[in-house]
Amino acid sequence: MKIKQSRMLRREKYQAWLSIAPTLILIIIMCGYPLIQTIATSFTQWNGIGDPNPVGLKNYIDILSGSQFYLLLKNNFVFLLFIPVQIVIGTMIAVFINDEVPGWKVYRVVYYIPQVISAVIVGYLFMVMFGYEGPVNLMLQGLGVIKESIGWLESGTTARIVVLICLVWVNIGWQSLLSLGGLASIPPSLYEAAKLDGAGYWKRLFKITFPMLGRTIEYSCIVSVMWVFTGIFPYIFALTGGGPGYETATIDYMIYLKSFSANSQYGYASALAVLLIIIVLIFTVIQLRVSDKQNSWEG
C-alpha cells in the first residue's frame, strides 16, 4: 500500500512539473536570457554598433565614483515619500467606501480612473496644470495666495513636489482598491463585539480596522517601493523630462537616456540596470525580513 502511494505521489509530482514546464521555460527565455545579456554587456563599452569592447569593472567604477548616480538615487528616495501619503489617503477613502457613504459606488469608480489612464497622458496633464500659465497658478492667483505665477517645473524642489503630487494622485485608486480587499477580510463579528463593549466609531477604526490592515499595508509598501525604482519612468518622461538638469531624473530614466541618446552607451546603461536590480532586491529583502519579524512577534 505504501509503495503504491509513493508511486502515486511521484507521478503527481512529475505531472505537476510537466504542467508548469512550458511556463518555466518561457520565463527563463523571456527574463533569464535578457538578464544574463545585460550583466555581460555591463562589462563592456558598446554603442550598439559593431563588437562590444570589454572594459571590466570600468562602468561600475565610473558610476559609483561619480556624483550623478547619487543624485539619481536621492531622487528615487525623495519619490518614496509619496508612499505614506498614498497609504493614508487611500485607506481612508476605502474606509468611507466600505461604510457606504452616499455616492460610494460612484466614488469607487472615480478614484480608480487615474490607474487606467495612460502614464504619458497623466504626465502631460500635470505638466499643463503646473505650467507657468496653468490652472494651478491661475487658481492660486485668484485666491490671492500668490501675486505672480510660479515656475513649478523650473526649480528642482518644486518640480519634485509636482512629481510627488502626481504619483499620489495616480496611486490613490489602487491603494483604495487594495485596502477595500483588506477590509472585506475583517470578520464582522469583531465590530459587533466592539459595539457591545461600547466602542465608538473612531475607537473601532483605530483599534480594529487599521491594525487588521497591517498585512495589506505591508504588501502595498513592498510593491510601491519596487514601483518607484522601476515604474515611474513614463511619468518623469512626460512631466519633467528629468529636469531641470537631472533634478527629477531617476535611475531607470538615466538608463533610457544612456541607451537611446545620440551617443549611446549600452555598457554604462547595462551597469546602471544591474545596480538598479541589486537596489530593488536589497529593499525587498529588508522589507520581507521586517515583515517576518513583525509576524513572529505577533505570533
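The values are calculated or read from the model by the stated rules, or taken from the named source; none is laboratory data. Since this is a predicted model, take the numbers as computed values, not measurements. As a convention, Cβ positions derive from the backbone with ideal geometry for all residues, glycine included, and neighbour counts pool all protein chains shown. Remember, those area values only see protein heavy atoms, side chains included, never the ligands or the DNA or RNA. Shrake-Rupley method; radii C 1.70, N 1.55, O 1.52, S 1.80 Å.
At a glance:
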read-out	value
Test: residue in the range 138-153 that is among the aliphatic types (A, V, I, L, M), open to solvent by less than 20 Å² (accessible area, probe 1.4 Å) and in contact with a helix residue (DSSP H, G or I) (Cβ under 7 Å, 6 or more places away or on another chain)	no
Looking only at the range 36-60, and only at residues there that are part of a helix (DSSP H, G or I) and under 20 Å from S264 (Cβ atoms), the one that is farthest from the chain's Cα centre (by Cα)	K58
Scope the range 225-266; condition open to solvent by less than 50 Å² (accessible area, probe 1.4 Å), in a loop (DSSP other than H, G, I, E, B) and either among the charged types (D, E, K, R) or under 23 Å from T284 (Cα atoms) (or both); matching residues	G231, I232, A249, T250
Only listed residue being touching a strand residue (DSSP E or B) at 6+ places or on another chain (Cβ under 9 Å) and touching a residue at least 12 places away in the same chain (Cβ under 8 Å), chosen from Y246, Y235, Y268, Y191	Y268
The lone exception for L167 - which of (1) open to solvent by 20 Å² or more (accessible area, probe 1.4 Å); (2) assigned to a helix (DSSP H, G or I) it fails	(1)
Boolean, S270 is polar (S, T, N, Q) and either in a helix (DSSP H, G or I) or under 27 Å from V88 (Cβ atoms) (or both)	yes
Output for the range 63-80, where each listed residue is surrounded by 15 or more Cβ atoms within 10 Å (Cβ to Cβ) and either of a type in the set (A, V, I, L, M) or over 22 Å from the mean Cα position of the chain (by Cα) (or both)	I63, L71, L72, L73, V78, L80
Matching residues in the range 56-69 - criterion: being in contact with a Leu (Cβ under 9 Å, 6 or more places away or on another chain) and either without any contact (Cβ under 8 Å) to a residue 40 or more places away in the chain or not aromatic (F, W, Y) (or both)	N59, I63, L64
